[in-house]
Every structure is written in structure tokens, then in C-alpha cells.
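The values are calculated or read from the model by the stated rules, or taken from the named source; none is laboratory data. Please read all numbers here as calculations on a predicted model, not as lab measurements. Heads up, the Cβs are rebuilt from the backbone with ideal geometry, glycines too, and the neighbour counts pull from every protein chain shown. Heads up: the accessible areas ignore ligands, DNA and RNA and are worked out on the full protein's heavy atoms, side chains in. Shrake-Rupley method; radii C 1.70, N 1.55, O 1.52, S 1.80 Å.
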Amino acid sequence: MNEVTEVALPTVFMSEAFGTAVLVLLGCGVVANVVLPRTKGNGADWVLISFGWGFAVFAGVYVAHASGAHLNPAVTVGMLAADKGEYAPGVAITAASTVVYLVAQFVGGMVGALVCWLAYKKHFDEAGREGVPTIDVFSTGPEIRSYGWNFVTEVIATFVLVYVILVFGQTPSELGPLAVAVLVVAIGMSLGGPTGYAINPARDLSPRIVHALLPIRGKLTSNWSYAWVPVLGPLVGGALAGVAAAVIG
């Protein structure tokens, strides 16, 4: 049996931060392509966004292989609740490693959102001239604002995400990152309609902070009144999924 080498926490940090940055860059990028004026993809539909986010996860998971590619505080919390012992091979679950994962994910999310803005800078300027809201590129928002039910939707969608990820290891599948990507596409197409399926606090809060800070012309609002839903909902859903995985297996 091959001995598992302990992974240093700085490596975990860089892996998670870089992977989450790639995830957010490509995910926010597909939304920017659809909603911002005068892009090649302007006016495309929800199917493109769902597949775009799925492929963004696919890329992010490969980039963050050294840390186990959580890329999402809800996944980290789910593994903690499931009492897995390790966050990834060679990464023990400790207070220090937990903080490293969470901080790296939020930092990576901010970097990815910033780079997305740079890539679409002229189109954000155009959106400002035309009065097109830009927060949708960065963060989620409900189609029908009802904080309690929006929260429930995020809990349910994240529960599905984290629980299925936790049980992937018990199946004979060799699909790896592709399986997670397909899962994210499925969630987007089925449960994403009410809230835009944040299912990841770092994917939502970090870009929202960047949107608030950036000098985006005519940016209107960063929708802070809703910001707690895509943070707390996924954390609760992830924790419940971890408990379920520990009990059910």
C-alpha cells in the first residue's frame, strides 16, 4: 500500500484559491457573456449558463486536485459534519486546515470575479450606459423574493450537491471531475430556477464584495439585503448533507 504524504497547508491554500478563482472566472464569465450588451453570447438562455457553470466546476476541480478540490465552503462544512477524518488524502481535518480551506475559497472567489470584470471591462461599461444591472454577473438573486422560501431552495439544492459528492466515492464511477460537473448542470437545470442556485457561499459572497468595490459604471445595486441567503442556505444544506452521509452512508 502506498503511503499517503501529508499535504502542507500553504499548498492547500494555493490549490483551493486557484481552483475557486478558475471556477468563479468561468462561471461568472458565462453569465457575463449572456447578460452584458454586445457580447457574442448576448441573449443566450439558461441552458448555456447551466452548462457553463458545470464546465467551470469541471475545470476548477482539476486545478485544485492537490487539496481535494472543495472549492465551496458548503462542501468543506459537509465533510466536517460527516466526520470524514481527512479533507483530502494527506490533509487532516483540524481547526487550522478548516480555516485554510474557507479563507482560500473566499479569496479565490474574489480573484476570479476581478479577472472576469477585466475580461469584460468594455461590456460592463456598455451595460452602465444602457442601464443594464450588472450584479447578476457576479451573484445570484431570486426571481420571486421570499427570503424564507429562497433560503429553503438553497438548502435543498446544496444538500443534493454535497450529499451526492460525499457518496461519489462509494460508487464504481471513474468519471472524477466530470461527475461533479454533470451534477452541477443537473442542479442548475432542475433546482436553479427560483434563486439562481448559488449552492456555494464563496461563489456568491466574494463576487458580490468585488462588485461593490469595483468602479463599475452605473452598477446600481449589489443587492446586499439578499446576500445572507446564498451564504447561510448553502452552509445549512452542506451541514445537513454531511450528517445524512454519516448516518446513511
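Inspect all residues belonging to the range 163-181 and state whether any of them is touching a residue at least 60 places away in the same chain (Cβ under 8 Å), within 30 Å of Asp125 (Cα to Cα) and in contact with a Leu (Cβ under 9 Å, 6 or more places away or on another chain).
Within the range 163-181 (the criterion being touching a residue at least 60 places away in the same chain (Cβ under 8 Å), within 30 Å of Asp125 (Cα to Cα) and in contact with a Leu (Cβ under 9 Å, 6 or more places away or on another chain)), the answer is no, since none of the residues qualifies.
Exactly one of (1) closer than 21 Å to Leu102 by Cα; (2) part of a loop (DSSP other than H, G, I, E, B) is unmet by Val184. Its number?
Unmet for Val184, out of (1) closer than 21 Å to Leu102 by Cα; (2) part of a loop (DSSP other than H, G, I, E, B): (2).
Check the range 213-230 and report whether any residue there is touching an Asp or Glu at 6+ places or on another chain (Cβ under 8 Å), β-branched (Val, Ile, Thr) and part of a helix (DSSP H, G or I).
Within the range 213-230 (the criterion being touching an Asp or Glu at 6+ places or on another chain (Cβ under 8 Å), β-branched (Val, Ile, Thr) and part of a helix (DSSP H, G or I)), the answer is yes, since at least one residue qualifies.
Check whether at least one residue in the range 87-95 is among the aromatic types (Phe, Trp, Tyr), touching a residue at least 12 places away in the same chain (Cβ under 8 Å) and surrounded by 22 or more Cβ atoms within 10 Å (Cβ to Cβ), and report yes or no.
Yes, because at least one residue in the range 87-95 is among the aromatic types (Phe, Trp, Tyr), touching a residue at least 12 places away in the same chain (Cβ under 8 Å) and surrounded by 22 or more Cβ atoms within 10 Å (Cβ to Cβ).
Please go through the range 43-54 and pick out each residue that is within 23 Å of the chain's Cα centre (by Cα) and open to solvent by 10 Å² or more (accessible area, probe 1.4 Å).
Those that are within 23 Å of the chain's Cα centre (by Cα) and open to solvent by 10 Å² or more (accessible area, probe 1.4 Å): Ala44, Asp45, Trp46, Val47, Leu48, Ile49, Phe51, Gly52, Trp53.
Can you tell me which of (1) open to solvent by less than 40 Å² (accessible area, probe 1.4 Å); (2) within 18 Å of Leu23 (Cβ to Cβ); (3) assigned to a helix (DSSP H, G or I) is the one Gly233 doesn't meet?
(2)
Would you check which residues across the range 64-86 are open to solvent by 50 Å² or more (accessible area, probe 1.4 Å) and at pLDDT below 95 and list them? I'd like the intermediate steps shown before the answer.
Let us first name the residues in the range 64-86 that are open to solvent by 50 Å² or more (accessible area, probe 1.4 Å), namely 65, 80, 83-84, 86.
Once the filter is applied, which keeps residues that are open to solvent by 50 Å² or more (accessible area, probe 1.4 Å) and at pLDDT below 95, the range 64-86 yields His65, Asp83, Lys84, Glu86.
Is it true that some residue in the range 170-178 is part of a helix (DSSP H, G or I) and buried (at least 21 other Cβ atoms within 10 Å of the Cβ)?
No, the range 170-178 contains no residue that is part of a helix (DSSP H, G or I) and buried (at least 21 other Cβ atoms within 10 Å of the Cβ).
Got a number for residues in the range 200-212 being outside any helix (DSSP H, G or I) and without any contact (Cβ under 8 Å) to a residue 24 or more places away in the chain?
Total satisfying the criteria: 0.
Identify, from the list Arg129, Arg145, the residue that is of a type outside the set (S, T, N, Q), out of contact with any Pro (no Cβ under 6 Å at 6 or more places or on another chain) and outside any helix (DSSP H, G or I).
When all the criteria are applied, what remains is Arg145.
Determine which member of the set Tyr197, Tyr163 is touching a Gly at 6+ places or on another chain (Cβ under 9 Å), within 23 Å of Phe51 (Cα to Cα) and part of a loop (DSSP other than H, G, I, E, B).
Result of the check over Tyr197, Tyr163: Tyr197.
Please state which of the following conditions Val167 fails to meet, knowing it meets all the rest: (1) under 27 Å from Val103 (Cβ atoms); (2) open to solvent by less than 50 Å² (accessible area, probe 1.4 Å).
(1)
In the range 97-135, what residues are at pLDDT 95 or above, charged (D, E, K, R) and open to solvent by 60 Å² or more (accessible area, probe 1.4 Å)?
Lys121, Lys122
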